[in-house]
Each structure stands twice: as C-alpha cells, then as structure tokens.
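Below: one structure, written as structure tokens.
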Amino acid sequence: MRTSGTGIGRTGTARLDAGVGADEAGVVFRAARAVARRRGARPALHPHGVVLAGRLDVPDQEIRWGVPWFDRPASYPVTARWSRAAGLPRPLPDGLGLALRVEDADGPGRSLELLLTSGGRGRLTRHVPIPRVSATAGPYTTLLSYVVGAGKGVVAAFPVPNSPRIAADPAAVGAAAASRPVVFDLRVGTPAGWRPLARLTLFREEHAPARHGFDPYRNCLPGFHPVDRLRALRLAAYAGSRAGRGGSEGATAGRARSARGDGEPW
C-alpha cells in the first residue's frame, strides 16, 4: 500500500491538507525557492550531507503492532543520508537530518523511506527540531506522528548507549562510520513510553549517488505511514527547493554533488 503521488501540482504548489490554506503553502514554497536560488544547485533544506550504507534489523519481539513489517523478524539493506538542515557553518549548532531508505521492506523493489530530524525525547520536545553540535547527542524523530497499526506515535532513532561523540559534520560522520559502526535503536513513542521497533547500523560512507530524494509519503507501508497533518507545507518546501534549483546548470551541478550527498533535499 502506498500513497499515490507527492501532492505537488504542475505549478509546484502542494495539494492542501485540512487546516492548511493556499496562502500558507504558497509562502513556504516561495521562501524555499528563494533560498535555493541563492544557493545555486544546492537545495534550500539539508544542503550538506553524506550518504551512508547500512542495515536495519527487525527482531522477534513480544509486542505485536499489527504491521506485517514489524511483526516478522528480518534484516534489510539501508541507504541513509545524514545532513545539516539549514547548512549553517560549523561550529554553529544546526538541525540535523537522518533520511532512511529501507530496501525491499514491502517486497522486492518496494522501499520504506523515513525522514528524521534531531529532536527531543519528551512528549512535547519529540515534536520540536533541536539544533545540535554532535551527531550522536540525542534522538532523531519524525516530529509528526505516524500511524502504527491501530495506534499513532512519533518514530525516533536513538543513538545506542555509550555511542562515541561525533561532530555534526558530514565528513566527520562519514569517517566515523568507516572506522566503526554507528548504531541507533528505532523506537515509537506511545503513551506508555518509547517502544522498540528495530536496530539501525550504519557502517560505511556510500560514494555512489543516492537514487533519488527521500519521500515518506509515497514510500510507506500498510499500517505504517505519516499522518496528514502539515503534509502540504512540507511538500511545498521541497517543491520550492526543487524549483529554485531548476535549469540545466543546476541539474548538472546537482548530479556532480549527489555522490557527496549534497544533491538531494534529504
């Protein structure tokens, strides 16, 4: 089961959600387009990043979510992109992004994609982006809730205990993954607390270009997908970023940068 389309119309504006008007989506679109134009071929959001190869292990566990993918133990190859959200220069803190593509999660050729941002672990702070100077100082969350079987909750990737401190810099993250695996526990926030889902292991920098941008709305699973709240604003931001990088020069430079993880919005 997948959502059909990204919700971006021919003019680049986003299909509207309940509670989001055309004016709000238009403002977000124009702002992202303006930033992307100033940055040239780089996207407005998450302009600097590194692509990593890894694995996601779903263990056999007592909790049953009513989602086939979580209710059967298996291992899946993962392509990840770690990035700085605003592209602020170091050593300034920045929002940090962790985009995941879990290959064949819903069968051959059918991937699951998640977008996670550095956030908190509390009931309110898990919905708030938190700038950091370390890539392993705290969790990365979906900010908005996911439908998980019959329930809902924010999905998060927590660095495992005693993780080494890694500077919030693409080169540092790539070097760290090459020297030893960088490991996260994937959990879902429920009224009873954070419940385990899977373990993510990132073990090397991937120098081949990412196949395409990450889209959690098109690439989700039966019983496991983002809620629709604020969907249109997020889509408008990415559409504006793409529009601002339009043209043959931007496309050529973007392809050259994609091998470094700099050529996709996430």
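Some notes on this structure:
- Within the range 127-144, residues that are touching a residue at least 60 places away in the same chain (Cβ under 8 Å) and at negative phi sit with their Cβ atoms under 7 Å from residues that are surrounded by fewer than 18 Cβ atoms within 10 Å (Cβ to Cβ) and not aliphatic (A, V, I, L, M), at 6+ positions apart or across chains, in these pairs: Leu144/Arg229.
- Those residues of the range 65-82 which are in contact (Cβ under 8 Å) with a residue 60 or more places away in the chain and over 16 Å from Glu103 (Cβ atoms), in sequence order: Trp65, Gly66, Val67, Pro68, Phe70, Trp82
- Checking each residue in the range 122-145 for being surrounded by fewer than 16 Cβ atoms within 10 Å (Cβ to Cβ) and assigned to a loop (DSSP other than H, G, I, E, B) picks out Gly122, Arg123, Leu124, Val128, Pro131, Val133.
- Of the strands (runs of 3 or more DSSP E) lying entirely inside the range 155-224, those carrying at least 1 residues that are basic (Lys, Arg) are 182-190, 193-205.
- Conditions (1) out of contact with any Ser or Thr (no Cβ under 7 Å at 6 or more places or on another chain); (2) in a strand (DSSP E or B); (3) open to solvent by 10 Å² or more (accessible area, probe 1.4 Å): number failed by Gly87: (2)
- In the range 92-103 there is at least one residue matching the filter, namely being basic (Lys, Arg) and crowded, with 20+ Cβ neighbours inside 10 Å.
- Qualifying residues in the range 154-206 (those that are β-branched (Val, Ile, Thr), more than 19 Å from Ile63 (Cβ to Cβ) and in contact with a helix residue (DSSP H, G or I) (Cβ under 8 Å, 6 or more places away or on another chain)) - the one surrounded by the fewest Cβ atoms within 10 Å (Cβ to Cβ): Ile166
- Qualifying residue in the range 125-142 (condition: of a type in the set (D, E, K, R) and closer than 22 Å to Val182 by Cβ): yes
The values are calculated or read from the model by the stated rules, or taken from the named source; none is laboratory data. Keep in mind that what you see is a predicted model, and the values were worked out from it rather than measured. Every residue, glycine as well, gets a Cβ built from its backbone with ideal geometry; the counts of neighbours run over all protein chains shown. When the accessible area is computed, the model is the full protein with side chains, heavy atoms only, and any ligands, DNA or RNA have been set aside. Shrake-Rupley method; radii C 1.70, N 1.55, O 1.52, S 1.80 Å.
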